[in-house]
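J.: Below is a structure I'd like to ask you about.
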Amino acid sequence: MGGPNWNFEVRDLAAKTALAPHVSVAGPLLTPGPLKGRTGGPHFLTTGNDPAVIAGTTEEAARTEVRRQAALHTDLFKLWVAEGPTTAAQKAAYDEAKRLGLRVAVHSTSLAGATEAVKAGADILVHSVLDQPIPDALMAEMKRRGVILIPTLVVFRGGPMLRTRRFLFEPWEFELANPHVMGTLFDLLHLPLKLDEVATKAIQEGKAWEAPAVALDNLRRLVAAGVTVATGTDAGNQGAFHGASYYTELKLMAQAGLTPKEILTCSTLNGAKVLGKQREFGSLEAGKRADLLVLDADPLQDMLNTRRIHLVVKDGQPYAPAEILKPTAEDVVQRQVNAYNARDAVAFAATYAPDVTIRTLPETTDLVRGREALQTKYAERFKQRPDSAVQITSHAVQGPFVIDQEQLVHRWDATKTSFAGTAIYEVKDGLIQTVWFLKPRAAEPGKP
């Protein structure tokens, strides 16, 4: 939904890969003026050799960028706008996109920005309106014009989560997110960052994130008013993981009051409408593309039953889920590190085999036997030490074995650091079967 030009390379690679999904992309977002970062300099999204956002400060520059992306067969053209009237450059981008048959998506989280975008001719509004309720008149206009809104409720979790360093993820996020991407969020626990008193207090007093009430209410009212809503996550932002965050978005949409049937429509047919391709896919009809899921439970009873996938069918070809993504030993161990740092005993234990054994070295004493005992032990440990975490200081992989040197760190106090030891993990059939733990050697008398 907008990004560097290598988005198009990803789409091309996916088109040649049987196990990849069908991919549609937008190129760099166009902003009508220089986008500034928090310190006043250029915004990081506008820097580098292939920026995700570019400035089109003149009408001709805007038209040129639209034509360039059209030549790359972009599936959408996206604008990043703020409050204020539509500029001449923005108007030129809208006009050129419409002339070339491109659908226009607009990034805006304010009522003023969304109102102006609808007036200017946007086809898609990306993100919820966060600052105030959407008036009935604007909803009626959106319905009349066929404007689609993608609420991306889950993306608003990332910032507060990082500021408070309270990582509360859903079970499926530990299971399905790229574990190494998730692991980068915990770098905040050991990077040498300077925290002022305000930041430290925010971490110490941080509360669990809650979805903005105004966004939930706007979503419920939009659907009730007959406005087309499509499911989306803004994955790629912090804490919004590709694939995994989709299910979290479903949970939040249900929290807003949408029924499973409404959410199912948002996630299928309305997604196709975003691309203007509802005649090609998005529902089970003769003549449409045979991309579908065969489930083991009814999603109309609970949309989270979409996790219970029996078969994935792409272009009429069925695949068992296990054929598509096979976690490596390194992936599995990183998942348990993530769950440990999130202080989630259930997700932590889920990465271990039911008959797991944890032993010490060199004496090979059994510390824990069995998943249930492990979960009980670590649930108590996490309760006693809620601010503790682990940093991997050295890492090696050899076949099914992963060897990590681990250091204990503190959620906000960098002075509380200590070497924990070396762990050797043996992974079988996607679960940790055995762990050998070499504790730090005790210092000899008279030696440091």
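J.: Is it the case, given these coordinates, that residue 351 is at pLDDT below 95, of a type in the set (S, T, N, Q) and not assigned by TED's automatic domain parsing to the domain that holds residue 194?
T.: No: the conditions fail for residue 351.
J.: Just name the residue that is surrounded by the most Cβ atoms within 10 Å (Cβ to Cβ) out of those in region 341-367 that are touching a strand residue (DSSP E or B) at 6+ places or on another chain (Cβ under 7 Å) and closer than 19 Å to residue 430 by Cβ. Lay out the reasoning, then the answer.
T.: Residues of region 341-367 that are touching a strand residue (DSSP E or B) at 6+ places or on another chain (Cβ under 7 Å), as a first pass: 341, 351-353, 356-361, 365-367.
Those still in the list that are closer than 19 Å to residue 430 by Cβ too: 351-353, 356-358.
Values: 351: 28, 352: 24, 353: 17, 356: 20, 357: 18, 358: 21.
Out of the qualifying residues, it is 351.
J.: Now for a separate question. Looking at region 389-434, which of its residues are of a type in the set (Gly, Ala, Ser) and touching a residue at least 40 places away in the same chain (Cβ under 8 Å)?
T.: Quick first cut of region 389-434, residues of a type in the set (Gly, Ala, Ser) only: 389, 394, 396, 399, 414, 418, 420-421, 423, 430.
Of everything in region 389-434, those that are of a type in the set (Gly, Ala, Ser) and touching a residue at least 40 places away in the same chain (Cβ under 8 Å) turn out to be 389, 399, 414, 430.
J.: Could you check, for region 310-318, whether at least one of its residues is in contact with a Lys or Arg (Cβ under 8 Å, 6 or more places away or on another chain) and either without any contact (Cβ under 8 Å) to a residue 12 or more places away in the chain or closer than 20 Å to residue 18 by Cα (or both)?
T.: Yes - at least one qualifying residue is present in region 310-318.
J.: Give the residue that is surrounded by the fewest Cβ atoms within 10 Å (Cβ to Cβ), with candidates limited to residues of region 47-72 that are in contact with a helix residue (DSSP H, G or I) (Cβ under 8 Å, 6 or more places away or on another chain) and assigned to a loop (DSSP other than H, G, I, E, B).
T.: Once the filter is applied, the top-ranked residue is 50.
J.: Also: Is it true that residue 375 is polar (S, T, N, Q) and either in contact with a His (Cβ under 6 Å, 6 or more places away or on another chain) or closer than 18 Å to residue 428 by Cα (or both)? Spell out the reasoning first.
T.: Details: polar (S, T, N, Q): yes; either in contact with a His (Cβ under 6 Å, 6 or more places away or on another chain) or closer than 18 Å to residue 428 by Cα (or both): no.
No.
Here's the yes/no breakdown for (1) among the hydroxyl-bearing types (Ser, Thr, Tyr); (2) closer than 18 Å to residue 327 by Cα:
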site: 360; (1), (2): yes, no
site: 379; (1), (2): no, no
site: 388; (1), (2): yes, no
site: 401; (1), (2): no, yes
site: 409; (1), (2): no, no
site: 438; (1), (2): no, no
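J.: Can you tell me which residues in region 399-417 are among the hydrophobic types (A, V, I, L, M, F, W, C), surrounded by 16 or more Cβ atoms within 10 Å (Cβ to Cβ) and in a loop (DSSP other than H, G, I, E, B)?
T.: Of everything in region 399-417, just one residue is among the hydrophobic types (A, V, I, L, M, F, W, C), surrounded by 16 or more Cβ atoms within 10 Å (Cβ to Cβ) and in a loop (DSSP other than H, G, I, E, B), namely 412.
J.: Same structure again: Can you list the helices (runs of 4 or more DSSP H) lying wholly within region 98-166 that have 2 or more residues being more than 24 Å from residue 30 (Cα to Cα) and assigned by TED's automatic domain parsing to the domain that holds residue 241? So that I can check it myself, show each step before the final result.
T.: Working: elements: 111-120, 136-145, 158-164.
In region 98-166, the matching helices (runs of 4 or more DSSP H) lie at 136-145, 158-164.
J.: What are the residues in region 10-31 that are surrounded by fewer than 17 Cβ atoms within 10 Å (Cβ to Cβ) and either in contact with a Pro (Cβ under 7 Å, 6 or more places away or on another chain) or not assigned by TED's automatic domain parsing to the domain that holds residue 88 (or both), if any?
T.: Listed by number, the list holds a single entry, 14.
J.: Let me ask something else. If you scan region 368-391, which residues turn out to be of a type outside the set (D, E, K, R), surrounded by fewer than 17 Cβ atoms within 10 Å (Cβ to Cβ) and not in a helix (DSSP H, G or I)?
T.: 370, 386
J.: Are any of the residues in region 95-111 without any contact (Cβ under 8 Å) to a residue 24 or more places away in the chain, surrounded by fewer than 23 Cβ atoms within 10 Å (Cβ to Cβ) and among the β-branched types (Val, Ile, Thr)?
T.: Yes, there is a match, as at least one residue in region 95-111 is without any contact (Cβ under 8 Å) to a residue 24 or more places away in the chain, surrounded by fewer than 23 Cβ atoms within 10 Å (Cβ to Cβ) and among the β-branched types (Val, Ile, Thr).
J.: Output the residue which, of all residues in region 198-245 that are farther than 27 Å from residue 111 by Cα and aliphatic (A, V, I, L, M), is farthest from the chain's Cα centre (by Cα).
T.: Ranking the candidates gives 198 first.
J.: Would you check which residues across region 1-29 are over 21 Å from residue 243 (Cα atoms) and either touching a residue at least 60 places away in the same chain (Cβ under 8 Å) or touching a His at 6+ places or on another chain (Cβ under 6 Å) (or both) and list them?
T.: Filtering region 1-29 down to residues over 21 Å from residue 243 (Cα atoms) leaves 5, 28-29.
Result: 5, 29.
J.: Give me a count of the residues in region 298-322 that are of a type outside the set (A, V, I, L, M, F, W, C), more than 24 Å from residue 287 (Cβ to Cβ) and in a loop (DSSP other than H, G, I, E, B).
T.: The qualifying residues number 4.
J.: So, in region 30-46, how many residues would count as being in a strand (DSSP E or B), without any contact (Cβ under 8 Å) to a residue 40 or more places away in the chain and under 26 Å from residue 97 (Cα atoms)?
T.: So in region 30-46, the residues in a strand (DSSP E or B) come out as 30-31, 36, 42.
Checking the rest, the ones that are also without any contact (Cβ under 8 Å) to a residue 40 or more places away in the chain come to 36, 42.
Pick out the ones that are also under 26 Å from residue 97 (Cα atoms) and you get 36.
Within region 30-46, residues that are in a strand (DSSP E or B), without any contact (Cβ under 8 Å) to a residue 40 or more places away in the chain and under 26 Å from residue 97 (Cα atoms) number 1.
J.: In region 336-367, how many residues are without any contact (Cβ under 8 Å) to a residue 24 or more places away in the chain and assigned to a helix (DSSP H, G or I)?
T.: 0
The values are calculated or read from the model by the stated rules, or taken from the named source; none is laboratory data. These figures come from a predicted structure and were not determined experimentally. Positions of Cβ are backbone-derived with ideal geometry, glycine not excepted, and every protein chain shown enters the neighbour counts.
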